1. Quote the charge dipole size of segment 112-251 about the Cα centre in Debye, to the nearest 20; the model charges only the Cβ of Lys and Arg (+1) and of Asp and Glu (-1).
2. Any idea how far the Cα center of segment 185-211 sits from the one of segment 235-279, in Å?
3. Stick to Cα atoms and the Kirkwood definition of Rh, then tell me Rg/Rh for segment 241-321.
4. Starting at the first residue of segment 61-72, write each ³J(HN,Hα) from the Karplus equation 6.51 cos²θ - 1.76 cosθ + 1.60 with θ = phi - 60°, in whole Hz, x for Gly and Pro.
5. Rounded, prolate or oblate for the chain? Axes are the square roots of the Cα gyration tensor eigenvalues, ordered a ≥ b ≥ c, and the cut-off for rounded is a/c under 1.5.
6. By Kyte-Doolittle mean hydropathy of at least 1.6 and Cα axial length of at least 20 Å, which whole DSSP H helices of the chain are selected?
7. What is the order of THR267, THR174, fewest Cβ neighbours within 10 Å to most?
8. Could you tell me how far the Cα centroid of segment 15-35 sits from the Cα centroid of segment 122-174, in Å?
Amino acid sequence: MSRPAVKVIALVVTYNRKVLLEECLHALLEQSLPVDKLVVIDNDSTDGTDELFAVGELFDRPTIDYIKLPENTGGAGGFYEGIRYATEQYDYQWLWLMDDDTIVYKDTLQSFNTALGSFEADDREDVSFLASTVFGPENEPMNVPVLDSRRSSNGYPDWYFNLADGLVKIESATFVSLLINGDAIRKIGYPCKDYFIWGDDTEYTQRLTKYYGPAFLVGSAKVLHKRFNTKRLSILDEENENRIKLYYYMCRNSLINYSAYGSSSDTIKAVIYNLYICLQLLFKPGIHYRFKKIKTLFRGMGAFLFRRYDYEGFKNRMKHTGM
């Protein structure tokens, strides 16, 4: 098999999904254009994930670096540690990020590579990241990125300029199959590990497109996302009582992102929207765990408003990138 025109390291973050992780890794190892290295960050799984790398096909493969963290740092902490490790240990050009429930197709990296080839050399260096087109098990749309609707020099957005090459200009995306420019990582740093879960990918990709260069959705670079719930995440519809506490991070982190990358009116609207959700939780029939959900949202809003998070660290990170 021939290698990509650029050096690519794949990074997978996992937690207690041994079977899915094995499927994810085999799909990565069977790419028509092979990755140069595969880094697996295990968020202290307790389901025997480490056994995959102690015996069998994945044992002692020089292509794979398996790192088990001493505690569960959430998706945000896992990607922080993985990006930091890859950047400190290897000289790469592109870093390919994904969760353990992301199943790539055999030609996904080839499609990314073809997309990069459609740019002139100077323009290619300016690209901050490429994102996959993500589908669920029933071909549902999932993890849809945000179009870059920011105005160009004449006042119109230019998100459709690369449509002929199957590319759409985007502003932010999730960490479900994202190919990030190594130079961009070295310039803007790593994700916010203290986000723990949800919103870290939105913040990081917005930081990339704001402080490094444009990003694009690649129509042909498809992946399958085997998330157990294919619907858009919503605390209104959440039925798993154990997951309700995680919406604290969604609320807090999204408000931090609005304050960092939006206007003050955007932030105020986001707070009002959360209060509106609280009213729905209070009065809408059929809501399970309504008071627990309301308490979770108020905790998230309070953490943002009273800066009960690493506020100084966040501001210093933004200062480093030019905010």
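1. Details: 16 positive and 20 negative charges, 43 e Å.
I would put it at about 200 debye.
2. Going from one Cα centre to the other spans 18 Å.
3. Numbers: Rg = 14.0 Å, Rh = 13.5 Å.
Computed over Cα atoms, the ratio is 1.04.
4. 8, x, 6, 9, 10, 10, 10, 9, 6, x, 8, 7
5. It is oblate, given that a/c is not under 1.5 and a/b is not larger than b/c.
6. Helices meeting the span and hydropathy rule in the chain: none at all.
7. Lowest count first: THR267, THR174.
8. Spelled out, the Cα-based centre of one part sits 25 Å from the other.
Laboratory data are not the source of any read-out in this text; all were calculated from the coordinates shown. Please read all numbers here as calculations on a predicted model, not as lab measurements. Quick reminder, even Gly has a Cβ in these numbers, built from the backbone with ideal geometry, and neighbours come from all protein chains shown.
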